[in-house]
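Everything on this sheet refers to the single structure shown next.
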Amino acid sequence: MLAYIIRRIAAALLLLLVVSAITFAIFFVLPALAGETTDQLAAQYVGKNPSAEAIAAVKQNLGFDQPLYIQYWRFLKGLVSGAEYQFGPDPVSCHVPCFGYSFKNHVEVWPEISSRIPITFSLAIGAAVIWLIAGVSTGVVSALKPRSIFDRASMGIALAGVSAPIFFTGLLVQWLFHYKWVVFENIEYVNFTDDPFAWAGHLMLAWISLAFLYSALYARLTRAGMLETMSEDYIRTARAKGLVERKVVVRHGLRAALTPIITIFGMDLGLLLGGALITEQVFSLKGIGAYAVQAIGENDLPKVLGVTLVAAFFIVICNLLVDLLYAAVDPRVRLS
């Protein structure tokens, strides 16, 4: 088991290096291959209507006149040890980890992103708990009672959940449960450490809207997996040995059907931690997704680069956790 964990961690670190190389290529190499000059590339990092002095300073600070391998080394060095940029007589520091520096606003990208991570993290984790419990439990009950009224009704609701976009369900639940019937409080972020109950109460509508979309997919996947698993020979053997039905369903049926659920859960959670763009816009939450939308609107490329790196980091880490969960759920992974 320890050897498996070490291998997966090593693979995750290698993948992070590959992700950094791909990100560097997208933002620095591809524009040059498309015919952009160093001045044109530097102008993208200053914002709209840049001055000639600002373009020259960015070109020098980012080393666009250096070979690509030196540029990539400086890019990696900034991530792990920070960077310094020269504007006038005094240098400006971009502290570790340097996920970018906004040459337009002269601010570091990482502090702005890190201040928004708790908002996005709270939104993603709260919704994930709801959709995982609701989706898996609904799928299990539907699989155990196929073609029943509950099965048909739940799968019909699941189909509606998959079909309805988040900007529709988000606005609908706000109108119903906050403006028409004041059931939940207004959407805003409260620190968990300040007041856990207010933290949950203010985010509940966003959690429900997001969970409705994802739990519908999880219910359908769980139902399909359970229907296939419960017809296997080892399930009949377990029942023939006299095991109670609860143990047959949970320990033998559900555990075997969880593998695809864990896979998609890791991807969904990683993507949301990288920024739930539409949900944060609908509920006016100032998380990573809203920050990305703002950066794109301002044409502030260093901020977009920082969000891209952070989102990729979360996806890689969530996939690492998924690989480790595989070993806990399926013993065959440990043996292989």
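Only one entry of Gly242, Gly275, Gly289 meets the criterion of being outside any helix (DSSP H, G or I) and in contact with a Gly (Cβ under 9 Å, 6 or more places away or on another chain), and that entry is Gly275.
Per-residue answers, yes or no, for (1) modelled with pLDDT under 90; (2) surrounded by 19 or more Cβ atoms within 10 Å (Cβ to Cβ):
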| position | (1), (2) |
| --- | --- |
| Lys247 | yes, no |
| Arg251 | yes, no |
| Ala257 | yes, yes |
| Lys286 | no, no |
| Ala290 | no, yes |
| Gly297 | yes, no |
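Suppose we keep only residues that are basic (Lys, Arg) and under 26 Å from the mean Cα position of the chain (by Cα) within the stretch 237-293. Which one would you say is nearest to Lys303 (Cα to Cα)? Ranking the candidates gives Lys286 first.
Restricting the first member to the stretch 151-180 and to residues that are in a loop (DSSP other than H, G, I, E, B), and the second to residues that are open to solvent by 30 Å² or more (accessible area, probe 1.4 Å), the beta-carbon pairs closer than 9 Å and six or more apart or on different chains are Ala164/Leu172; Ala164/Phe212; Ala164/Leu213; Pro165/Leu213; Pro165/Ile278.
Residues that are modelled with pLDDT under 90, assigned to a loop (DSSP other than H, G, I, E, B) and open to solvent by less than 30 Å² (accessible area, probe 1.4 Å) are absent from the stretch 3-18.
Close Cβ contacts (under 6 Å, 6 or more residues apart or on different chains) running from residues in the stretch 104-120 that are within 14 Å of Lys286 (Cα to Cα) and among the hydrophobic types (A, V, I, L, M, F, W, C) to residues that are part of a helix (DSSP H, G or I) and open to solvent by less than 60 Å² (accessible area, probe 1.4 Å) comprise Ile113/Gly306; Ile113/Val310. Answer yes or no: is there a residue in the stretch 210-221 that is in contact (Cβ under 8 Å) with a residue 24 or more places away in the chain, among the basic types (Lys, Arg), open to solvent by less than 60 Å² (accessible area, probe 1.4 Å) and closer than 29 Å to Leu123 by Cβ. Within the stretch 210-221, none of the residues are in contact (Cβ under 8 Å) with a residue 24 or more places away in the chain, among the basic types (Lys, Arg), open to solvent by less than 60 Å² (accessible area, probe 1.4 Å) and closer than 29 Å to Leu123 by Cβ. Residues of the stretch 181-203 that are open to solvent by 40 Å² or more (accessible area, probe 1.4 Å), part of a helix (DSSP H, G or I) and free of Cβ contacts under 8 Å to residues at least 24 places away in the same chain: Pro196, Phe197.
The values are calculated or read from the model by the stated rules, or taken from the named source; none is laboratory data. Keep in mind that what you see is a predicted model, and the values were worked out from it rather than measured. Glycine gets a Cβ as well: all are built from the backbone with ideal geometry, and neighbour counts include every protein chain shown. Areas reflect the complete protein model, heavy atoms only, side chains present, ligands, DNA and RNA absent. Shrake-Rupley method; radii C 1.70, N 1.55, O 1.52, S 1.80 Å.
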